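Novice: Below is a structure I'd like to ask you about.
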Amino acid sequence: RKEVEQDPGPFNVPEGATVAFNCTYSNSASQSFFWYRQDCRKEPKLLMSVYSSGNEDGRFTAQLNRASQYISLLIRDSKLSDSATYLCVVKISGGYNKLIFGAGTRLAVHP
Amino acid sequence: DAMVIQNPRYQVTQFGKPVTLSCSQTLNHNVMYWYQQKSSQAPKLLFHYYDKDFNNEADTPDNFQSRRPNTSFCFLDIRSPGLGDAAMYLCATSRKTGDLNEQFFGPGTRLTVL
């Protein structure tokens, strides 16, 4: 079983739609959680950290459920520029800043 | 301004011919990482340097080696590239440790093995 699992998609949505991505992780020692965005043939970039109480950054809302080992990302009012792959990432407690990446969920927003 | 720079952006090598990929950073970060990412897959950590301390992931093949001559530079050496080593190689940096320390990625080097 992969340490971080995501639905690969693609999610094809029209502009303005609301779309939600889910992610599960298997290591209960996971300590910190993030969503990274990766455009086609580019490097991953941090989109947002995910806090236990849930957090929002503009049109993006992230939620964490530690009991279920589940993370979500909600994108409201999708823009064409949101088209990318969204990587769910967890940091394991202890030691250095090791991140475990999911394979990503691809989002395609169309006019 | 570029913060994590990788050269070359595209590298073509022949089966079995050694190749070196380069990464440099202007962030003065303590930790530098090398990841391998194949198409539609997650970035996979190969190894990292915490200052001068080298840390190899348990499943990284011996074919992959790394050098960090100073804080700014880190190299990935592939001693005998196989067809299965064709991938995007991503360099990243972060400050020491800490729960929310962001990793900053370079643009990657796409390696083709003929």
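Novice: For chain A, modelled as a Gaussian network with Cα springs under 10 Å, which listed residue fluctuates most, A:E15, A:E56, A:E43?
Specialist: A:E43
Novice: Determine the relative contact order of chain A: mean sequence separation of Cα pairs under 8 Å and six or more apart, normalised by residue count, in whole percent.
Specialist: Numbers: 276 pairs, mean separation 41.6, N = 111.
Relative CO of chain A lands at 38 percent.
Novice: Among A:F101, B:F15, which comes first, second and so on when ranked by fewest other beta-carbon atoms within 10 Å? Could you put the intermediate results ahead of the total?
Specialist: Numbers: A:F101 23, B:F15 11.
Ascending Cβ contact count within 10 Å gives the list B:F15, A:F101.
Novice: Which order do B:T60, A:T85 fall in if you start with the one that has the fewest other Cβ atoms within 10 Å?
Specialist: Values: B:T60 16, A:T85 22.
Fewest-to-most ranking of B:T60, A:T85: B:T60, A:T85.
Novice: Moving to a separate point now. Just to confirm my understanding: which cysteines in chain A have no other cysteine beta carbon less than 4.7 Å from their beta carbon?
Specialist: A:C40
Novice: Taking only pairs that are 8 or more places apart or on different chains, how many Lys pairs in chain A have Cα atoms under 23 angstrom apart?
Specialist: 9
Novice: Loop sites only, by DSSP: take the trypsin sites (Lys or Arg not before Pro) in chain A that have at most 13 other C-beta atoms within 10 Å and name the longest stretch containing none of them. List each step's numbers first, then the result.
Specialist: Working: sites that count: A:R1, A:K2, A:R41, A:R59, A:R66, A:K79.
The longest uninterrupted stretch comes out as A:3-40.
Novice: Longest span of chain B, sites excluded, free of trypsin sites (Lys or Arg not before Pro) in DSSP loop with at most 12 other C-beta atoms within 10 Å?
Specialist: Working: sites that count: B:R9, B:K52, B:K96.
Looking at chain B, B:53-95 is the longest stretch - no exposed trypsin sites (Lys or Arg not before Pro) with at most 12 other Cβ atoms within 10 Å.
Novice: Quick one: Kirkwood hydrodynamic radius for region A:1-50, alpha-carbon pairs, angstrom, one decimal?
Specialist: Numbers: mean 1/r = 0.0762 Å⁻¹.
That comes to 13.1 Å for region A:1-50.
Novice: Starting from a Cα-only point model with no solvent, please compute log10 I(q)/I(0) by Debye for the protein assembly as shown at q = 0.10, 0.12, 0.14, 0.15 1/Å.
Specialist: The calculated log intensity ratios at q = 0.10, 0.12, 0.14, 0.15 Å⁻¹ are -0.46, -0.66, -0.89, -1.01.
Rule-based calculations on the coordinates, nothing more; no lab input. Predicted model, so just to flag it, every value in this text is computed and none were measured. As a convention, Cβ positions derive from the backbone with ideal geometry for all residues, glycine included, and neighbour counts pool all protein chains shown.
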